[in-house]
Amino acid sequence: MADHDRSIIDEFRANGGTVAHLGRGLVLLHTIGAKSGVERVNPVAALTTARDSWLIAASKAGATDDPAWFRNLLAHPDVVIETPDDGEVPVHATVLQGDERGRAWRRFTTSYPDLLDYQSRTSRVIPLIRLTTC
């Protein structure tokens, strides 16, 4: 795990979900490695859409490939997130497609406009994922 991610995770946990330069807009995503089977934890920007639902984007800051955690979610979609308000929550991940993705994209980019810049850096369509409590 990158030192940058480790420091964000530590700050998130030490401050009840608040990270100084990011506020309370993160969740800690626990995935299981698609090949290794090892648990990984990644801080990801999230948008709460309902009491039991969050949106996340596999942006990797506009890189040409998807983040490893996204491949892990595809292989093992039932995971756990840590949220600022609810602690650990078991969720199921669904990759959004079509009109549903379009509506979610508009909503997500209103809250996280940097995502538009990330999309402009890459030819891949940045995946949007809905996490829903199990």
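Worth pointing out:
- Global form of the range 1-52, assessed from the alpha-carbon gyration tensor, a/c cut-off 1.5: oblate
- Residue (of 36, 48, 112) at the positive-pole extreme of the range 3-133, dipole from beta-carbon charges: 112
- Mean residue ellipticity (222 nm) of the chain, computed from DSSP H runs ≥ 4 via -39,500 (n - 2.57), nearest 500: -9000 deg cm²/dmol
- Options (i) 56, 40, 29; (ii) 36, 33, 30; (iii) 78, 37, 21 - which one matches Cα extents along the principal axes in Å as calculated here: (ii)
- Take each peptide in 2-11, 124-133, count the other Cβ atoms within 10 Å of every residue, and average; sorted highest first, the result is 124-133, 2-11.
- FRET efficiency for the residue 110 to residue 4 pair, using the beta carbon distance and R₀ = 22 Å, is estimated at 0.25.
- Using 0.36 nm per residue and subtracting the Cα-Cα separation, the extra length available between residue 134 and residue 86 on full extension is 15.9 nm.
- Separation of the residue 38 and residue 53 label points, Cα + 7 Å toward Cβ, nm: 3.5
No lab work stands behind these numbers, since they all come straight from the coordinates. Bear in mind the structure is a predicted one, so any value in this text is a computation, not a measurement. Note that each Cβ is placed from the backbone with ideal geometry, even for glycine, and that neighbours are counted across all protein chains shown.
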